[in-house]
Ligand SMILES: [Zn+2]
């Protein structure tokens, strides 16, 4: 069952949606090699070191782009999430964000309570935005829709890079 917005899509967008929905798993090459990156990033986020969080987030995304053999993305880590009437924005992917290059923006703190976000939430948000990038660059989709397949790929990537039972 596609999400509700599916019915408002054009015929060509429906095709892209269906393609995205069919792709439910992306295997992460060298998954184990990511453990040190992840631990270092967790340390930086927990100690609320914004500069180090940005540096390590960029490093992690660079490594992901490298193993997936896709173009690099610039990452921006901002202090506080903007809040809107409809809720909080968690992250953002712009395919032509920074001088024509793709840009991912993530936020360290929640809008309301100004607390640093939980590491797993931070990582999931980041991987969500990375998955948008992979939709265009690795999977060859012409648009990046939130489909069930998309969310499965996002969860799968999180599990591979951050296994709960180590
Ligand atoms: Zn999204």
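Some points to look at:
- In this structure, residue 73 does not satisfy being modelled with pLDDT of 95 or more, within 16 Å of the chain's Cα centre (by Cα), under 21 Å from residue 39 (Cβ atoms) and within 15 Å of the ligand (Cβ to nearest atom).
- Condition met for residue 79 (within 24 Å of residue 146 (Cα to Cα), in contact with a strand residue (DSSP E or B) (Cβ under 7 Å, 6 or more places away or on another chain), modelled with pLDDT under 95 and surrounded by fewer than 16 Cβ atoms within 10 Å (Cβ to Cβ)): no
- Taking the criterion of being away from the ligand (no atom under 13 Å from the Cβ), in contact (Cβ under 8 Å) with a residue 40 or more places away in the chain and in contact with a helix residue (DSSP H, G or I) (Cβ under 9 Å, 6 or more places away or on another chain), the residues of the stretch 153-165 that qualify are 157, 160, 161, 162.
- Residues of the stretch 132-142 that are within 14 Å of the ligand (Cβ to nearest atom) and either exposed (fewer than 15 other Cβ atoms within 10 Å of the Cβ) or part of a helix (DSSP H, G or I) (or both): 132, 133, 134, 135, 136.
- Comparison of 5, 93 shows that the only residue that is closer than 15 Å to residue 145 by Cα and touching a strand residue (DSSP E or B) at 6+ places or on another chain (Cβ under 7 Å) is 93.
- Count - residues of the stretch 118-131 that are more than 12 Å from the ligand (Cβ to nearest atom) and buried (at least 20 other Cβ atoms within 10 Å of the Cβ): 2
- Of all residues assigned to the stretch 56-65, at least one qualifies as being surrounded by 15 or more Cβ atoms within 10 Å (Cβ to Cβ) and more than 25 Å from residue 150 (Cβ to Cβ).
- Within the stretch 96-106, tally of residues that are at pLDDT 85 or above and either surrounded by fewer than 15 Cβ atoms within 10 Å (Cβ to Cβ) or more than 30 Å from residue 13 (Cα to Cα) (or both): 1
- Which listed residue is at pLDDT 95 or above, under 25 Å from residue 30 (Cα atoms) and surrounded by fewer than 19 Cβ atoms within 10 Å (Cβ to Cβ), from 149, 156: 156
The values are calculated or read from the model by the stated rules, or taken from the named source; none is laboratory data. As the structure is a computational prediction, the values presented were derived from the model and not from experiment. Every residue, glycine among them, receives a Cβ derived from its backbone with ideal geometry; neighbour counts consider all protein chains shown.
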